[in-house]
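Laboratory data are not the source of any read-out in this text; all were calculated from the coordinates shown. Since the structure is predicted, the reported quantities are computational estimates derived from the model, not experimental observations. Counting neighbours? That spans all protein chains shown, and the Cβs are built from the backbone with ideal geometry, glycine included.
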Amino acid sequence: MNAYLKNTDPALATLLSEELKRQQQGLELIPSENIVSEAVLEALGSVATNKYSEGQPGRRYYGGNHIIDQIEELAILRAKELFGAEHVNVQPLSGAPANMAAYAAILEPGDTVLGMDLSHGGHLTHGHPLTVMAKIYNFIRYKTAGDGIIDLNELQKLAHQHKPKLILAGFSSYTRSIDYEGFKRIADEVGALTMMDMAHIAGLIAGKQLTNPVPLFDIVTTTTHKTLRGPRGGMILCKSAFAQKIDKAVFPGLQGGPHENVIAAKAVSFQEALTPEFREYAKQVILNAHVLCTQLQQKGYQMLFGGTENHMMLIDTYVSCGIGGKQAEITLDKVGLTVNKNVIPDDPRPPLDPSGIRIGTPSMTTRGMKEKEMELIAEIIDVTLKNPSEDNLLFQRSRIQELCAKFPIYPNLSYTS
């Protein structure tokens, strides 16, 4: 398999082989990462990559798109079925461009947006001062309360005080459920539009395990590569009233030609997400997260936001075991556990060496791991962080490799043979 790459570019083939080995012999605990199927990989490397297709299906600026139109329409149809959406645009290249296009579609420069504070679980594109969006729009950032829950009373006060044009829900490290009805009620009180960034939990929503905001909110954005288990890309779902504005904001407003090979792979992943097996997967993701979180709490680890109700958890490693998130990330990586350092609410430490780490269960669940494996992984995390001696790290590394061998991925994939 992949003989062309091996012969054309052996240096790159070797690097890809090493990356495949890393994925096969280690565990991805980063909650925004997953493992796509072979069918998704095949679509990503398909001939659809050769076609330029600026515009929408049936309204392209290039000829020869009659088959590509059918591919994109298939992805749209499946996404509509999956989430009950009135309109879908599958062209955004990723989550950040999807959010930027959504803002551009409904906002004017200087308009006010209520978005979640980054350190309390929000995303950079939800108004962090260093982003381009924050230079264009006036973001007011809301936070969680002392119990770790979004304080809707405070959100209501901010909404009445600032009269935003848009109220934004969604997160990158928040671990609890969102009261969509409460958000919508507050937005209606002040005449604001509603938008949800469901990038992290789209697969759990598609799998019918979490509440679906699409029928209620005006606009919903998402990535397709996290819990949805598709290729790296984005998508916008909206009410029909915003369809034309959304499409124009994506193209020509923000992007040129869409990546139709990625859209083909999105179509595959949407089809996979429509199956009963995917519902069972989504259910197991949440169950695994609950078990892993509970096991770590019992070992003395402090969970932010009071625990988890989705696929991930945020751990204060500085309070729990006396090391910052950067050191925890480096130490766990040595045994084959990939996590990411992450800020905690109002973190006193800098972003590149914050107080916490963020971990999740989508990738491990894709490999077939269940509650028993979560208990083992919690134990390995604990003994690794509390005893980072060289001998112990080598031993824990061997335990992870043994576990991974029982849950193999891509057994028939090779880049160098």
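Key figures for this structure:
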item: Computed [θ] at 222 nm, helices only, for the chain once each DSSP H run of length n ≥ 4 contributes -39500 (n - 2.57); result: -13500 deg cm²/dmol
item: Among the listed pairs Lys21/Lys334; Lys283/Lys372; Lys135/Lys248; Lys163/Lys184, those beyond 19 Å (Cα-Cα); result: Lys135/Lys248
item: Charged-residue dipole, Cβ positions (Lys, Arg, Asp, Glu), the chain about Cα centre, Debye nearest 20; result: 260
item: Distance between the range 122-172 and the range 290-349 - C-alpha centres, whole angstrom; result: 24
item: Proxy reagent accessibility, fewest Cβ within 10 Å first, across Phe407, Phe217; result: Phe407, Phe217
item: Mean Cα-pair separation over length for the chain, i.e. relative contact order, pairs under 8 Å, 6 or more apart, %; result: 24
item: Computed lengthening from Leu216 to Lys372, 0.36 nm per intervening residue step minus Cα-Cα distance; result: 52.4 nm
item: Charge-dipole axis of the range 113-236 as Lys and Arg at +1 and Asp and Glu at -1 on Cβ define it, positive-most pick from His120, His160, Ala199; result: Ala199
item: Neighbour-count ranking [beta-carbon atoms within 10 angstrom, fewest first] of Lys135, Lys248, Lys239; result: Lys135, Lys248, Lys239
item: Ellipsoid semi-axes in whole angstrom, largest first, where each is sqrt(5λ) of the Cα gyration tensor of the chain; result: 33, 30, 18
item: Subset of Lys266/Lys406; Lys239/Lys341; Lys51/Lys208; Lys239/Lys266; Lys239/Lys326; Lys80/Lys299 violating a 32 Å alpha-carbon distance limit; result: Lys239/Lys341; Lys51/Lys208; Lys239/Lys326; Lys80/Lys299
item: DSSP beta bridge pairing in the chain, given as percent antiparallel to the nearest 5; result: 55
item: Per-residue Cβ neighbour rank within 10 angstrom, fewest leading, His87, His225, His162; result: His162, His87, His225
item: Prolate/oblate/rounded label for the range 1-156 (Cα gyration tensor, a/c 1.5); result: oblate
item: Gained length - Ser389 relative to Glu154, 0.36 nm times residue gap less alpha-carbon distance; result: 80.0 nm
item: In the range 143-237, the GluC sites (Glu not before Pro) that fall in loop regions by DSSP, at most 12 other Cβ within 10 Å; result: none
item: Computed E for Tyr62/Leu352 - FRET, C-beta separation, R0 51 angstrom, nearest 0.05; result: 0.70
item: Cα-based shape type of the range 277-406, given that a ≥ b ≥ c are square roots of the gyration tensor eigenvalues and the cut on a/c is 1.5; result: oblate
item: Relative contact order, percent, the range 218-284 [alpha-carbon distance under 8 Å, six or more residues apart]; result: 32
item: Karplus 3J(HN,Hα) series, Hz, for the range 333-339 with 6.51 cos²θ - 1.76 cosθ + 1.60 (x for Gly, Pro); result: 5, 5, 9, x, 10, 9, 10
item: Theoretical gain in end-to-end length, Glu379 to Ser94 [0.36 nm per residue, Cα-Cα removed]; result: 99.1 nm
item: Cα-centred dipole magnitude for the range 270-404, charges only on beta-carbon of K, R (+1) and D, E (-1), debye, nearest 20; result: 40
item: Cβ-Cβ FRET estimate between Glu19 and Asp179, R0 fixed at 41 Å, reported to 0.05; result: 0.50
